[in-house]
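So the structure is just underneath, and the comments pick up after that.
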Amino acid sequence: MSSGIELTAHWLRRAKSVVVFTGAGISTESGIPDFRSPGGVWTKYRTVYFDEFCQSAEARHEYWVQKTEAHVAFAAASPNIGHQTIAKWEEQGRIRGVITQNIDGLHQIAGSRDVLELHGTAREVTCLDCDWRSPVDPFVTQFRETSEVPLCPECGDGRLKHATVSFGQVLPERTLNRAHQWCLDADLVITVGSSLVVYPAAGLPEAGKRSGAKLVIINRDETGLDTIADMLIPGSCGEALATIDAAL
């Protein structure tokens, strides 16, 4: 077993406050594509910005086309050993919770209870006009059958949008502030499957490190915070987490 795995397990055993920060890399191992990658949804369609969604019926239709295509990948995906290991650590009281950039809900399906979703969730819709929320599946089905953008059934004609943060939309302040405080309080931050280049999210593990926490980065590729990390563990996210767990 590598010394990096053993040392990370040692830190995890001794730490009083541990935060796990996850990005797309953990979900690609469940078959969910990285939408930024070649051939991904974001490379096939034009970007629909939040202001445009609010103002234009045409933009809302384009948005629903894209989200409906992406929904197929979410609906078919199941948590992998990485999600399961993180949920196990929370149940054991080893970690405070999860901060995630992902919108797929796989952490919750795996059993994680305290999850801060920085970019929202694609498993629900929300009405921009009355704040009503509901599971997304029936509205995706409706759009696929009719190609008509669904309206809010609660207020009658409200603009329904996936409960995710769109381009040009501000991250939820309360969630971001809570995540920031978690990182400031942590003595160990483990990042999993994130390139750590998208801000302000990437600034959270960095803030933890600046505040005195050890920073472990698990990722297949280089990240924006490699130079300040205490430990770099390259390779599969799920395999790395499972191996750390076995070393505890």
Q: Enumerate the amide H contacts of residue 97 below 5 Å, restricted to partners 5 or more residues apart or on another chain; note that Pro and chain-start residues carry no placed amide H.
A: 20
Q | Surrounding net charge for residue 242, when Lys and Arg each add one and Asp and Glu each subtract one, Cβ distance under 12 Å | A | -2
Q. Among the DSSP beta bridges whose two residues both lie in segment 29-187, what percent are antiparallel, rounded to the nearest 5?
A. 75
Q: State, as an integer percentage, the relative contact order of the chain based on alpha-carbon contacts under 8 Å between residues 6 or more apart.
A: 26
(Q) From the phi angles alone, apply the Karplus equation (6.51, -1.76, 1.60; θ = phi - 60°) to segment 93-99 and give each ³J(HN,Hα) in whole Hz, x where the residue is Gly or Pro. (A) x, 7, 10, 6, x, 10, 10
Q: Answer rounded, prolate or oblate for the chain, using the Cα gyration tensor with square roots of eigenvalues a ≥ b ≥ c: rounded when a/c is under 1.5, else prolate when a/b is larger than b/c, else oblate.
A: prolate
Q | Where no second cysteine Cβ lies under 4.7 Å, the cysteines concerned in the chain | A | 54, 183, 237
Q. Can you give the % of DSSP beta bridges in segment 141-248 that are antiparallel, to the nearest 5?
A. 10
Q: Springs between alpha-carbon atoms under 10 Å, Gaussian network over the chain: tell me which of 186, 202, 76 tops the mean-square fluctuations.
A: 76
**Q.** Over the chain: helical MRE at 222 nm, DSSP H runs n ≥ 4 each giving -39500 (n - 2.57), nearest 500
**A.** -12000 deg cm²/dmol
(Q) Could you tell me which residue out of 78, 64, 9 lies farthest along the dipole of segment 1-155 toward its positive end? Charges go on the beta carbon: Lys and Arg +1, Asp and Glu -1, centred on the Cα centre. (A) 9
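So for segment 176-248, averaging the separation of alpha carbon pairs under 8 Å that are six or more residues apart and normalising by length, what relative contact order in percent results?
Taking the mean separation of contacting Cα pairs over the length of segment 176-248, I get 28 percent.
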Q | Number of Lys pairs (Cα under 18 Å; 8 or more positions apart or on different chains) in the chain | A | 5
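Dipole magnitude of the chain about its Cα centre, charges +1 at Lys/Arg Cβ and -1 at Asp/Glu Cβ only, in debye to the nearest 20?
Result for the chain is approximately 600 debye, rounded to the nearest 20.
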Q: Before anything else, pin down the relative contact order of segment 143-217: Cα pairs under 8 Å, at least 6 apart, normalised by residue count, whole percent.
A: 25
Q) Could the peptides 45-51, 69-75, 99-105 be put in order, highest first, of the mean number of other beta-carbon atoms found within 10 Å of their residues? A) 99-105, 69-75, 45-51
**Q.** Most positive-pole-ward Cα, 141, 53, 27, against dipole of the chain from beta carbon charges
**A.** 27
Q.
Net charge within 12 Å of residue 74 by Cβ-Cβ distance, Lys/Arg positive one each and Asp/Glu negative one each, not counting residue 74 itself?
A. -2
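Every read-out reported here was derived from the displayed coordinates using simple, explicitly stated rules and does not represent laboratory data. Note that this is a predicted model, so its numbers are computed, not measured. Cβ atoms come from the backbone with ideal geometry, glycine included; neighbour counts cover every protein chain shown.
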